[in-house]
Structures are given as structure tokens and as C-alpha cells.
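J.: Below are the C-alpha cells for one structure; questions will follow.
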Amino acid sequence: MAKDDSTVRCFQGLLIFGNVIIGMCGIALTAECIFFVSDQNSLYPLLEATNNDDIYGAAWIGMFVGICLFCLSILGIVGIMKSSRKILLVFTPNLFLKQMLERYQNNSPPNNDDQWKNNGVTKTWDRLMLQDNCCGVNGPSDWQKYTSAFRTENNDADYPWPRQCCVMNNLKEPLNLEACKLGVPGYYHSQGCYELISGPMNRHAWGVAWFGFAILCWTFWVLLGTMFFWSRIEY
Amino acid sequence: MPPLWALLALGCLRFGSAVNLQPQLASVTFATNNPTLTTVALEKPLCMFDSSEALTGSYEIHLYVLVDSAGSRNASVQDGTKTPLSSTFQQTEGGRTGPYKAAAFDLSPCSDLPSLDAVGDVSQASQILDAYLVRVGANSTCLWDPNFQGLCNAPLSGATEYRFKYVLVNMSTGLVQDQTLWSDPIRTKWLTPHSVIDTWPGRRSGGMIVITSILGSLPFLLLLGFAGAIVLSLV
């Protein structure tokens, strides 16, 4: 494949265009992952305590992957423009590495910090229930139906559910404690907090996942073309 | 909603004697958390003893609680001289060996009752609650307090059926004037262990399967392409 052929030029142009897209996607992926990691709704302690916060780790990885993608796309553009084999070869092992990193299975690290997680969960729920006027996941009946650490700590007659489930006055005291304990409508929050937790988490996590996936699909074709180009250009 | 007293007056079948009436659970739309693990909220006997004519003199209503068993329908709350029993929670082992007196309160005149609709007004809420219902099992500290004087309305046991009875006592003679029937058995709640809650997220969604299969096959194709490129360049 001679370097000055018009078809080669066209192919080079295509590959450079592909790399430009990869670079821009890398920047966008980094930005989105930073947004997810920054935890705008302060819900991370809840996710952490479920021992299932892989998506959080994936977002961290995505951040660096985005940066890598950007740098590598620059490298790719330079390499293709110079049609140099040496530069392009650096591209491919890094990409394999990136794909492996993005898909690794999270072996849960040995859990020796339950107290930390419990504190995080408690603080988060307290803040959530007071701030969003909700109670429990499905409603205050959660506390009435199931055993819980809360139930072992607090007797049922005085605390059918946490105080934060009561409607509060301006002094952050229940409007009427007896009415709250009895479940009189208007004196306790009857709706659950699940929608408020799942909404932001779902949207952001799926954004990270789908965008990362789209980039990978695109990158696949660019890589294939680059390999073909690499095998064809002369030294 | 018509005034409470009118509803209750219409519900009375016989004039003067309340022998055919039973204590009722507080309205489920008013006190939604009822019965709980350790408490039961009952309607006070409004217009039960004095529906036909107002009572003169001073009277008190005594509430007796009994664990439901074979002979509980006919259990008596007075001794041979028509004096009401003064058994306590501790003496009767929480109502298992006989009825115990859980609460005593004054009789409200039939014509002087607040409407339940006004409970939304915070300033009237306490008064309305106090006039409408009595919460059995509300006092969680009296069993452990050696200095406690008065009637110990201790928390009930979970998953147990209880019967209740109101007794009208004439304070000047100290004798039983009238009494309701024993209520139907009312069962307190029981807690489900939280470990049985199934956290399996369900079957895999279609999107996840698509992503996984595409992402799985792409690197394989990439590997083939890479191997092909190497082979072609060596040839």
C-alpha cells in the first residue's frame, strides 16, 4: 500500500475521523463518570452498604478509561497521519487492557468495616426521611411488618416507626406524637422513599453503562480498520 | 361526616343498658396503625351507657383486658358484691390468668363530643384523640418502675388474641352499674424476620443480555483481526 494513493488518503481520513470521535467520546465519558462519582444526591452510603456498589467502581474506571481514550485517540491520529507502524502498535495493547478493566468481575473485598457502613446508612436515611418527607422503602409499614435492628433497639409502643416519619413542625418536633404513633393521616409520612433513591441512581448508572457500551462498539470498528491499515502500510 | 355522637346514638339498639354492645377497634381510616405488635387502640364507649338519658352523679369507665381462651366469654370483672376487680397486669400475668384493669377514665357526656374531621387542626388533635380512643399497651415503662403508682397499661404480647370490656362504675358507691359484653377477639400483629426478604433482582433484562453478548463477541473478533493482521504482514 503506497503512502500517496488516493484510496489510502481516503482510508486515512476515515480512520482519523473515527479517532476524533473516540477522543470526544472519551472526554464525554470522563465528564459523565465524574458526575456520577460526585454523588449529587448523597446516596452513596446506601449503595455501599448493600455490598453491591460495582457500578460505582465501574464509574471510577470509566473516568480513567475516558482519559485514556482521549489520549489514545490523539496518538492514533498522529500515528495514522504519519503512517508509522511504531506509534500505532502502542494503541492496540492499551485498548485490550481497557476492555478487560471495564469488564472485570468485582471480587467483594473482605468486609471489615460494618460500623462505617451502618453509620453511613443511618445518616443517609435520617437525612432522606426528613428532607423528602417519606418513610421507609415502601412506607412506614416496613417497620411494622419486619424485624429490624431498629425494632430491637426501640419498643413498639413508643416507636412504631422512627420519629423522622412524623410530620414535623418548624422546631423539628412531631406535630402530635400520639397521632403519629397511631398513624392518623396528616401526622405521619405514609409514602416510601424508594422512588427518590432509585430514580437518580437508575438514570445515572444506565447513562454510564450505555454510553460506555456505545463507545466500545464504535472503537471496535476503528480498531479493525486500524489493524487492516497497519498491516498494509509500508515501513 | 355527620357528628360522631349522632352516629353512635343511632347505633345503640337498646336504651339504658349497654349489655348488648361490645368495645370496638378504633376506626381504621382514622388510626391506620392498629393493632400493632404490642398495642391496641379501642374506641371509647361514647354514648354507650347514657344514650337514652344523661347520667347524674360521678361515674368512671374502667377498661379490662383478658387474653382470649376457652372460658373468656363469660369471665367476670366483679366479685360477689358487685365491686369491680382491681387486678393488675403483673398479678394476672398480662391477662392470662384473668382480666386486669388497664385504664380508667371519666365518662364524657353524650352530647359533648368533637368531630373526627377536626383532627387536622393541630391545636385540637390531642383533645380529639383523648376523647375518641384509648390505647391499650401505651405505657412501656411502668413495669420496670418500682415507684409507679396507678394503673399500669403495659404493652401487650404479639400474636395474641385479646378481649376487652368496659365497665361503668358509680364512684359514690364504688359498685359496678353497667358493663358491655366482652369484645370479639382482637389479635396483635407479629413480625416477619427480615432475612426472608428476597433481594434477587429477577431475571436478566433484555438490554443486559444484548450488551453482554455483543461486548463478549467483539474482543474475540478483534483478536481474530489482530492475528490476521500479524499473519498478513509476515507473509
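J.: Working from Cα positions, state the angle (0 to 90°, nearest 10) between the long axis of helix B:122-132 and the longest principal axis of chain B.
T.: 60
J.: Here's something else I'd like to know. Using a Gaussian network model of chain B with C-alpha springs under 10 Å, which one of B:LEU21, B:LEU215, B:LEU66 is most mobile by mean-square fluctuation?
T.: Per the Cα network of chain B with a 10 Å cutoff, B:LEU215 tops the list.
J.: Considering just Cα atoms, how many Å³ per residue does the convex hull of region B:25-138 enclose? Before the final figure, lay out each step's value.
T.: On the way: hull volume 16.7 nm³, N = 114.
So the per-residue Cα hull volume is 146 Å³.
J.: Rank these for me by crowding, A:TRP161, A:TRP125, A:TRP218, going from fewest to most other beta carbons within 10 Å.
T.: So the residues, fewest neighbours to most, are A:TRP218, A:TRP125, A:TRP161.
J.: May I pose another question? Normalized C-alpha radius of gyration of region B:129-230, against 2.2 N^0.38 Å? Write out the running numbers ahead of the final one.
T.: Working: Rg = 33.5 Å, N = 102, 2.2 N^0.38 = 12.8 Å.
After normalising by residue count via 2.2 N^0.38 Å, the value is 2.63.
J.: Could you tell me what a quarter of the Cα convex hull surface of region A:1-80 works out to, in nm² with one decimal place? Let's see the in-between values first.
T.: Values: hull surface 25.0 nm².
Spelled out: convex hull of the Cα atoms, projected over all directions, averaged, 6.3 nm².
J.: On a 22 Å Cα-Cα criterion, which of the cross-link pairs A:LYS123/A:LYS172; A:LYS145/A:LYS181; A:LYS172/B:LYS189; B:LYS44/B:LYS101; A:LYS181/B:LYS189; B:LYS44/B:LYS165 come out too long? Spell out each step's value before the answer.
T.: Values: A:LYS123/A:LYS172 16 Å; A:LYS145/A:LYS181 15 Å; A:LYS172/B:LYS189 30 Å; B:LYS44/B:LYS101 15 Å; A:LYS181/B:LYS189 15 Å; B:LYS44/B:LYS165 11 Å.
Correct reply: A:LYS172/B:LYS189.
J.: Can you give me the angle between helix B:206-234 and the longest principal axis of chain B, using Cα atoms only, in degrees from 0 to 90, rounded to the nearest 10?
T.: Between the helix axis and the principal axis of chain B, the angle is about 20 degrees.
J.: So, R0 is 30 Å and r is the distance between the beta-carbons of B:GLN124 and A:SER42; what FRET efficiency does that work out to, to 0.05?
T.: Details: r = 38 Å, r/R0 = 1.28.
E(calc), rounded to 0.05, equals 0.20.
J.: Once label points are set 7 Å from the Cα along Cα→Cβ at both B:ASP117 and B:ASN170, what is their separation, rounded to one decimal in nm?
T.: 4.0
J.: I would also like to ask the following. Between B:SER213 and B:LEU55, what is the label-to-label distance in nm when each label sits 7 Å out along the Cα-to-Cβ direction?
T.: It works out to 7.8 nm between the two label points.
J.: Further question on the same structure: Given springs between every Cα pair under 10 Å in a Gaussian network model of chain B, which of B:LEU224, B:LEU113, B:LEU63 has the largest fluctuation?
T.: B:LEU224
J.: FRET efficiency for A:GLN131 and B:SER27, Cβ-Cβ distance as r, R0 = 35 Å, nearest 0.05? Don't jump to the answer; show the numbers that get you there.
T.: On the way: r = 32 Å, r/R0 = 0.91.
Calculated transfer efficiency: 0.65.
J.: Over the residues of region A:131-185, compute the C-alpha Rg and express it relative to 2.2 N^0.38 Å. Working shown, then result.
T.: Details: Rg = 11.0 Å, N = 55, 2.2 N^0.38 = 10.1 Å.
Relative to the 2.2 N^0.38 Å estimate, region A:131-185 comes out at 1.09.
J.: Provide the descending list of Cα extents for region B:54-121 along its principal axes, expressed in whole angstroms.
T.: 41, 31, 21
J.: If you rank A:MET129, A:MET168, A:MET81 by fewest surrounding Cβ atoms within 10 Å, what's the result? Intermediate results must be reported in sequence, preceding the final value.
T.: Values: A:MET129 20, A:MET168 16, A:MET81 13.
Listing A:MET129, A:MET168, A:MET81 from fewest to most nearby Cβ atoms yields A:MET81, A:MET168, A:MET129.
J.: I've got another one for you. Can you give the FRET efficiency to the nearest 0.05 for A:PHE64 and B:VAL196, using r as the Cβ-Cβ distance and R₀ = 56 Å? Don't jump to the answer; show the numbers that get you there.
T.: Values: r = 41 Å, r/R0 = 0.73.
So, using R0 = 56 Å, E works out to roughly 0.85.
J.: Return the ratio Rg/(2.2 N^0.38 Å) for chain B, where Rg is computed over Cα atoms only. Numbers along the way, then the final one.
T.: Details: Rg = 30.8 Å, N = 235, 2.2 N^0.38 = 17.5 Å.
Relative to the rule-of-thumb radius for its length, chain B sits at 1.76.
J.: Is there a simple number for the mean count of other chain Cβ atoms within 10 Å of the Cβ of residues in B:205-217, and what is it?
T.: Details: counts 0, 0, 4, 1, 0, 1, 6, 2, 0, 4, 8, 1, 1.
Mean partner shielding for this stretch: 2.
The numbers here are math on the coordinates, done by the rules we state, and not lab data. Remember, it's a predicted structure, so these values are computed and weren't measured experimentally. Neighbour counts run over all protein chains shown; Cβ positions are idealised from the backbone, glycine included.
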